[in-house]
Each structure stands twice: as structure tokens, then as C-alpha cells.
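Contents: one structure, followed by commentary.
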Amino acid sequence: MTTTAYEYAMPDIAAGSKRLVSWDCTRDLEDDELLTGTPTVTEQTTTVLTLTNKAINSAAVEIKGETAAIGKAVQFLLDASSAVVGTTYRVLVLVDTDANPSQRLAYLLRFRCI
């Protein structure tokens, strides 16, 4: 199965840093629809970034001044300890929903290392 994902520019990451990344899926969900399961989060560019703590938010979370309700956002820890300054990294996020039939949402997040 081919997955199509739109690419989104994310805030720059500093080499050597760790960042909790939160991605709000609300706009792609029906009002009563929630994310379900464990999201798949994989680096597409290299294998330099370490991506851990992949989860759906279990509490409301503020993202860029907007609040994502419980079950509407994906979160993961991005460790850029080995990232190279000037390199652009792409991370693919796949997450299922509880819709009937279920849908799989796909996001390609782009990070530039500074």
C-alpha cells in the first residue's frame, strides 16, 4: 500500500538537542473521531535521529497556541544528538483512527538542523 503524506516544515532543531514533538491531527478528524493505537514514527532521510516515546496525547496539549484535545495529537521525543548542522531531516508519522472504517493519517515532518 502506498502512503501519501503532505510535507510540513517544523521549527529548526539544534544539533545535540532533544525535543518533545507534538503534532495536532484535529483538522483531519471528525468531531467524535480519535486517534488510536501507537503511532509509527520513522526517519526517512537518514538513521541519525533517535525517535522514542511515540504516543497519542493522553491529556490536552497546547501546540502553537491551539489546544489539541485528548486523543487528537501525536507526540514523540526527537533526539538530535548525532544530527549534522545544515542537514534537513524528514520524519514520517502514521497514525490510525477509531473511525468506521478506520483511516490512517500520514504526515511528513521536515526538520532542519542548525
Based on what the data block shows, is residue 38 surrounded by fewer than 16 Cβ atoms within 10 Å (Cβ to Cβ), among the polar types (S, T, N, Q) and within 16 Å of residue 102 (Cα to Cα)?
yes
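So that you can scan it fast, the table gives a plain yes or no per residue for (1) more than 18 Å from residue 84 (Cα to Cα); (2) in a loop (DSSP other than H, G, I, E, B); (3) touching a Leu at 6+ places or on another chain (Cβ under 9 Å); (4) at pLDDT 95 or above:
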{"site": "1", "(1), (2), (3), (4)": "yes, yes, no, no"}
{"site": "4", "(1), (2), (3), (4)": "yes, yes, no, no"}
{"site": "11", "(1), (2), (3), (4)": "no, yes, no, no"}
{"site": "19", "(1), (2), (3), (4)": "no, no, yes, yes"}
{"site": "33", "(1), (2), (3), (4)": "yes, yes, no, yes"}
{"site": "40", "(1), (2), (3), (4)": "yes, no, yes, yes"}
{"site": "47", "(1), (2), (3), (4)": "no, yes, no, no"}
List pairs: first in segment 84-95 and among the hydroxyl-bearing types (Ser, Thr, Tyr), second at pLDDT 95 or above and surrounded by 15 or more Cβ atoms within 10 Å (Cβ to Cβ), Cβ under 6 Å, 6+ apart or cross-chain?
87/113; 88/112; 89/49; 89/111
Can you confirm whether residue 59 is in contact with a strand residue (DSSP E or B) (Cβ under 8 Å, 6 or more places away or on another chain) and at negative phi?
no
Identify all residues within segment 85-101 that are more than 12 Å from residue 29 (Cβ to Cβ) and in contact with a strand residue (DSSP E or B) (Cβ under 6 Å, 6 or more places away or on another chain); write none if there are none.
85, 87, 88, 89, 90, 91, 92, 93, 94
Find the residue count for segment 60-87, including only residues that are β-branched (Val, Ile, Thr) and either part of a loop (DSSP other than H, G, I, E, B) or surrounded by fewer than 12 Cβ atoms within 10 Å (Cβ to Cβ) (or both).
4
Number of the exception - residue 105 against (1) out of contact with any helix residue (DSSP H, G or I) (no Cβ under 6 Å at 6 or more places or on another chain); (2) assigned to a strand (DSSP E or B); (3) surrounded by 15 or more Cβ atoms within 10 Å (Cβ to Cβ):
(1)
Please enumerate the residues belonging to segment 1-56 that are in contact with a strand residue (DSSP E or B) (Cβ under 8 Å, 6 or more places away or on another chain), among the acidic types (Asp, Glu) and over 21 Å from residue 89 (Cβ atoms).
28, 33
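The values are calculated or read from the model by the stated rules, or taken from the named source; none is laboratory data. Just so it is clear, the structure is predicted and the values come from calculations on it, not from any experiment. Please note: Cβ atoms are built from the backbone with ideal geometry, for glycine as well, and neighbour counts cover all protein chains shown.
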